[in-house]
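One structure below.
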Amino acid sequence: MIVKYFTKEQLIASNENAIQANRNRSLNRDMLQDALNTIPDEAMLPVCFNTPHNDVEMRVQVAFSPLHVGWVDISFDEFNALPSQEIPDSEIPAEPSLH
């Protein structure tokens with residue numbers, strides 16, 4: 001399975017774009033910064049869900065931890081520019097887990 005992800009810098013930039021464009025979904029700046037302060041700089045923040053929204057942007061769910069996610073609307077260009085990582089099927093849990 002191929003998973004798209006944000007770097008910390010990309011998420012901050014995409015969130016600022018969402019705020020400036022007055023998109024429906026963006027993350028509170030202070031809460032985002034607080035969350036990112038607890039994550040290593042080299043972290044890959046996976047996109048857990050994505051869908052086209054309003055035919056002009058992508059709505060994405062990004063994971064900060066196994067139990068914490070946020071939603072942000074980003075442009076198609078931003079979404080297509082996100083890096084991706086292949087996750088071997090053997091590392092994908094069959095059932096959700098809270099461990």
Legend entry - Residues that are assigned to a helix (DSSP H, G or I) and within 12 Å of the chain's Cα centre (by Cα), drawn from the range 67-81: Glu78, Phe79
Inset, instruction - Determine which single condition Leu32 fails, assuming it passes every other condition in (1) surrounded by 12 or more Cβ atoms within 10 Å (Cβ to Cβ); (2) out of contact with any helix residue (DSSP H, G or I) (no Cβ under 8 Å at 6 or more places or on another chain). - result: (2)
Inset, instruction - Just name the residue that is most open to solvent (accessible area, probe 1.4 Å) out of those in the range 35-82 that are closer than 16 Å to Ala13 by Cα and among the β-branched types (Val, Ile, Thr). - result: Val47
Inset, instruction - Identify all residues within the range 12-58 that are closer than 12 Å to Glu78 by Cβ and in contact with a strand residue (DSSP E or B) (Cβ under 6 Å, 6 or more places away or on another chain); write none if there are none. - result: Ser14, Asn15, Ala18, Arg23, Val47, Asn50, Glu57, Met58
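The values are calculated or read from the model by the stated rules, or taken from the named source; none is laboratory data. A quick note: this is a predicted structure, and the numbers were derived from the prediction, not measured. Quick reminder, even Gly has a Cβ in these numbers, built from the backbone with ideal geometry, and neighbours come from all protein chains shown. All accessible areas refer to the heavy atoms of the entire protein, side chains included, with ligands and DNA or RNA removed. Shrake-Rupley method; radii C 1.70, N 1.55, O 1.52, S 1.80 Å.
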